[in-house]
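Visitor: Pasting a structure below so you can have a look.
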Amino acid sequence: MSGITLSASVRQNLLSLQSTADLLSTTQSRLSTGNKVNSALDNPTNFFTAQGLNNRASDINNLLDGIGNGVQILQAANTGITSLQKLVDSAKSIANQALQTTTGYTKSSVASVAVSGATAANLLGDGTLDATATGTAATATATAAFTSATVTGTQLSITGPANAAATTALSAITTGGGLSATDSFSINGKTITFAATGAAATDGSGNVTIGLDQTLADLTTAIDGITGATGSTATGGILALKTGTTASLVIADGTGGPLAALGLTAGTTARSGGAVTTPALATTTKLSGTNASGALSTAFAAGDTLSVNGKTLTFTASGASGANQIDITSDVAGLLSKIDGLSGGTGSTVTAGVVSLHTGTASDLSITSSNSAALTALGLGTSVTQARTSPVSGTTLTIGATGGGTATNITFGTGAGQVSTLDGLNSALSANNLQATIDTAGKLTITTTNDAASSNIGAIGGTAVSGASGAFHSQSVVNAVKDVSSQATRASLVAQYNQVIDQITTTANDSSFNGVNLLNGDTLKLTFNETGTSKLSISGVSFGPGGLGLSKLTAGTDFTDNAATNKTLASLTSASTSLRSQASSFGSNLSVVQIRQDFSKNLINVLQTGASNLTLADTNEEAANSQALSTRQSIAVSALSLANQSQQGVLQLLR
């Protein structure tokens, strides 16, 4: 072949035809495979880059199955939670039926005695117990007893001269010129006149006439008769006159001035004693007059009256009789005794100057007086009004914790923190699962609430129980008694409830997909990229009855009353909250997984598109190239034929 010599034109056309054939072969190869890069020889960079992209897309595509399974596992768990929520709602409905069922017990109770006048607005009622009206401290006026004082004259003389004696005749006195008939002097306003003879005589006005033939002793006796004193003497010729205790001794000279002859001096001599003090009022204090131990500072007088609960007590000078009279000479103890007799009270007395009056139990106490000043002197003011005491007011009632409640401590009364109304009492009892009612007779009854119908009222105490007159004295707690029919109904509801609990167990166990159960404590682990660096671990929960805080109930123990039922309802509400919370959590996780699932799908498309962009041929372009190359090839063949024709012409010449 090396011996063949081609012309330049033929050679050029032959090279052109060969190049066109190569290009046409490449184009037809691209059209048949669809790729412009079929091997590393075509384009190493694009070939290996596309291969890497396709490999990554393949790896991610392999992970999509696991992600899809994760979606189904989460949807299975969500479906299980939805069913569990419906079962919990069904259990709630059963518990609510128990609440609406007739109370399963005759409830525990304790009742008071009937309190007169007690109503819902006033639990204290009317007073029926003895009360004490206390006055203010009072003082009496005490006057010490008077004693007689002595007025002593001077020595008297008689003819001799000698000293006079008690037996000396008045006519024998020579002192001061002696005495004469018609001479006179006065003692305490009463005139003593001397006559010639005759024993001492007293007229209707208390004036005395005495003869000079009478002795000094006779004169002192006459003077004592005027003063009311005793013991005046003329011992040793000296007159010693006693004042007495009723008044001071007043001596005045009269006609003839006989005082000098009698050795006396005109003037006034006071009694001894009679000091006035103000001791505290006492039962011995007198109602009038003066007294060494004391009398009222303002006395009662005869004719005064006291009105005691509408009954009249009259003060008399003396001779009082019956329950409605008292002498003014009596004392405070006597007056209080009379008041007690009229009021029905007992034990009224005086302590440390303070009068204490008892109302008694029959009626309230009301005292007024026509002599309000004397009543005030007793420390009682111008009048006395005292209502009887309620058997409830001021007493305390304690009740031990009932049905899991808070122990109660109540004080009845109108003061701060005290209870006087039914609403106030119920407010104080509510924390201890108790409630109170009152009937028309004033009888207060405390019972357990429906929530604690199966419980017995706690131990009761306080003065309302221990006090002899307390409203709850000798009252005992009546224990709760089961209602057989109601308890049978509640037992039936317990059985229904337990069936629901069984279904919760099986539903939680059945909520699995491909062997993974997120409601039975399994964990879902997902990988999102080919390197394993992007992962999601979803922890499961145990949503059987135990995991939800639920358990089967026991007939006769659960649903027995509202408290037990409400306890179950609280557990169901908590379980419902847990289900909703976990549903939200699984929903959030499902959303994340689905987003990553969509992301992986889109990423695979991106990777595959990128790889295709590097290797795929443009069929339109390649088809056009093929058409152009075919045309070029035909032209090259024609050109080569023409080149050969020139050489054939030379050959013809040679022939």
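Visitor: Nearest 10 degrees is fine. How inclined is helix 8-33 to the longest principal axis of the chain, computing both from alpha carbons?
Guide: 40
Visitor: Ok, one more. Taking R0 as 41 Å, what FRET efficiency do you get between Ser116 and Lys552 from their Cβ-Cβ distance, rounded to the nearest 0.05?
Guide: 0.15
Visitor: If one takes the longest principal axis of the Cα atoms in the chain, at what angle in degrees, from 0 to 90 and to the nearest 10, does the Cα axis of helix 332-343 lie?
Guide: For helix 332-343, the angle is close to 60 degrees.
Visitor: For Thr489 and Asp59, calculate 0.36 nm times their separation in residues minus their Cα-Cα distance, and state this gained length in nm to one decimal.
Guide: Length gained between Thr489 and Asp59: 148.4 nm.
Visitor: Given labels modelled 7 Å from the Cα in the Cβ direction, how far is it in nm from Ala240 to Thr106?
Guide: 9.8
Visitor: Determine the alpha carbon to alpha carbon distance for each of Lys86/Lys535; Lys107/Lys567; Lys92/Lys535; Lys86/Lys107; Lys92/Lys525; Lys443/Lys482 and list only those over 28 Å.
Guide: Lys86/Lys535; Lys92/Lys535; Lys86/Lys107; Lys92/Lys525
Visitor: Kindly express, to the nearest 10 degrees and within the range 0 to 90, the angle between helix 216-227's C-alpha long axis and the longest C-alpha principal axis of the chain.
Guide: Approximately 30 degrees, to the nearest 10.
Visitor: Please give the length that would be gained between Ala387 and Gln85 if that part of the chain were fully extended, namely 0.36 nm times their separation in residues minus their C-alpha to C-alpha distance (nm, one decimal).
Guide: Stretched fully, the Ala387-Gln85 segment lengthens by 102.1 nm.
Visitor: Work out the charge dipole of the chain with +1 on the Cβ of Lys and Arg and -1 on the Cβ of Asp and Glu about the Cα centre, then indicate which of Thr368, Asn46, Gly413 is farthest towards its positive end.
Guide: Asn46
Visitor: Per DSSP helix of 4 or more residues, -39500 (n - 2.57); summed, then divided by the residues of the chain. What does that give at 222 nm, rounded to the nearest 500?
Guide: -13000 deg cm²/dmol
Visitor: Still on this structure, please answer the following. Using only C-alpha atoms and all pairs of different ones, pull out the Kirkwood radius for the stretch 86-198 in Å with one decimal. Can you show the working numbers first?
Guide: Values: mean 1/r = 0.0381 Å⁻¹.
Every distinct Cα pair counted, the radius reaches 26.3 Å.
Visitor: Taking 22 Å as R0, compute the FRET efficiency from the Cβ-Cβ separation of Asn479 and Leu99 and round it to 0.05.
Guide: That pair, Asn479 with Leu99, gives E of 0.45.
Visitor: Indicate the gyration tensor shape class of the chain (rounded, prolate or oblate), computed on the Cα atoms with a ≥ b ≥ c the square roots of the eigenvalues: a/c under 1.5 is rounded; otherwise a/b larger than b/c is prolate and the rest oblate.
Guide: Numbers: a/c = 9.05, a/b = 4.16, b/c = 2.17.
Prolate shape, in that a/c is at least 1.5 and a/b is the bigger ratio.
Visitor: Ranked by Cβ crowding within 10 angstrom, fewest neighbours first, how are His473, His358 ordered?
Guide: The most exposed by this proxy come first: His473, His358.
Visitor: In the neighborhood of Asn509, defined by Cβ-to-Cβ distances under 13 Å, what is the net charge if each Lys or Arg adds +1 and each Asp or Glu adds -1?
Guide: Charge balance near Asn509 sits at -3.
Visitor: Another question, if that's okay. Residues in the stretch 284-315 near a label at Thr351, defined as backbone nitrogen under 18 Å from the 7 Å Cα→Cβ point?
Guide: Label zone hits: 284.
Visitor: Explain nothing, just the number: relative contact order of the stretch 127-229, from Cα pairs under 8 Å at least 6 residues apart, as a whole percent.
Guide: Details: 134 pairs, mean separation 20.3, N = 103.
Dividing the mean separation by the residue count of the stretch 127-229 yields 20 percent.
Visitor: Next question. Calculate, for Thr202 and Ser372, the FRET efficiency according to 1/(1 + (r/R0)^6) with r their C-beta to C-beta distance and R0 51 Å; round to the nearest 0.05.
Guide: 0.70
Visitor: Suppose the chain between Thr406 and Thr182 were pulled fully straight at 0.36 nm per residue; how much longer would it get relative to their current alpha carbon spacing?
Guide: 70.0 nm
Each value in this text was obtained by applying a stated rule to the coordinates, not by laboratory testing. Because the structure is a prediction, the values reported are computed rather than measured. FYI the Cβ positions are ideal-geometry reconstructions off the backbone, even for glycines, and counts take in every protein chain you see.
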